Amino acid sequence: MSIIINTNEVSSNWKVLATKMPVSELKKKQIEISRTSVRPPKLTKAVCIDCEMVGVGEMGMDNMLARVSIVNQLGQCLYDKYVKPTEPVVDYRTAVSGITEQNLENGIPLDVVQKEVSDIIQHRTLVGHAIHNDLQVLFLSHPKRRIRDTQRYKGFRSLFNGGLPSLKALADKILGLKIQTGAHDSVEDARVTMQLYVQHRREWEKSLREKNSLTSEEKHKRIRARQKQKRLQNSSSFTKKTI
């Protein structure tokens, strides 16, 4: 009878000891290891959030929070809960959101979710894609200096001619991953978003440090240059319309 030992989860001391143990002792030790090696995911300096929403209001055009998922820097799921509706749902948007009426029947009250999410993200770098939408439906805020939005990062936007890329496009172009081929999964989307951040974290954080180190005069020069460029663009657009 052969015994398979997962050497990726045990110490080097155990590997040496395992070669000298009788089979019965090996089995016993394996059971002990399997019981102690499973640990809950830990909070890291950065966490990533993604939310799924359903439609409320007239024609279901307004967004309401339905699911919240948060992962750590290792992609481990820290939080994943459905949210009890605070008003009638007009459109579950199941084809995109993956949310059904059954998912929300035993959902957590919004105020409880807000408190739990707030406790997790407090004092941490918060990663997300178009993260303003997630914070809006959560009715939460977060310090701008601690937000990393993969939709707005210039390093990513430059790959799409300055436009605001979708997460699906970023995953495909940068990570070579195909996601959102059907209904979205907020845990998967959060993991992909975090992977994008972690993979480009050094240059991203460096660009932020350089931006923050600009003198007041340099900042004003950049603002004036952008304003001038915007005026020229508006003038050019107006001229084309009047021709």
| task | Please report how far the C-alpha centroid of segment 152-185 lies from that of segment 73-121, rounded to the nearest whole angstrom. | result | 24
| note | Once Lys and Arg are counted +1 and Asp and Glu -1 for all other residues with Cβ under 12 Å from that of Leu159, the total becomes +2
| field | Net charge of Cβ neighbours under 11 Å - reference Ile147; Lys, Arg +1; Asp, Glu -1 | value | +4
| request: With a 1.4 Å probe and every protein chain kept in, tell me what percent of the accessible surface of segment 46-211 is carbon plus sulfur. | output: 49
| Inter-label distance, nm, simple model (7 Å from Cα along the C-beta direction), Gln227/Arg202 | 3.9
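Over segment 46-211, with the other protein chains present, what is the accessible area per residue in square angstrom, probe 1.4 angstrom? Write down the numbers at each step before the final one.
On the way: 8760 Å² over 166 residues.
Per-residue value: 53 Å².
Going by average Cβ neighbours within 10 Å, how do the peptides 140-149, 189-198, 224-233 rank, with the highest at the top? Can you show the working numbers first?
Details: 140-149: 14.1, 189-198: 24.0, 224-233: 10.0.
Highest mean packing first, the order is 189-198, 140-149, 224-233.
Net charge within 9 Å of Gly107 by Cβ-Cβ distance, Lys/Arg positive one each and Asp/Glu negative one each, not counting Gly107 itself? Present the calculation step by step, with values, prior to reporting the outcome.
Numbers: positive: Arg67, Lys81, Lys84; negative: Glu105.
Computed value for this residue: +2.
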| request: Please work out, to two decimal places, the log10 of the ratio I(q)/I(0) at q = 0.10, 0.18 Å⁻¹ from a Debye calculation in which every Cα of segment 99-243 carries one identical scatterer. | output: -0.51, -1.20
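The values are calculated or read from the model by the stated rules, or taken from the named source; none is laboratory data. Everything numeric here is computed off the predicted structure, so don't read it as measured data. All Cβ positions, even for glycine, are placed from backbone atoms using ideal geometry, and neighbour counts span all protein chains on display. The accessibility values were calculated without ligands, DNA or RNA, using every heavy atom of the protein model including side chains. Shrake-Rupley method; radii C 1.70, N 1.55, O 1.52, S 1.80 Å.
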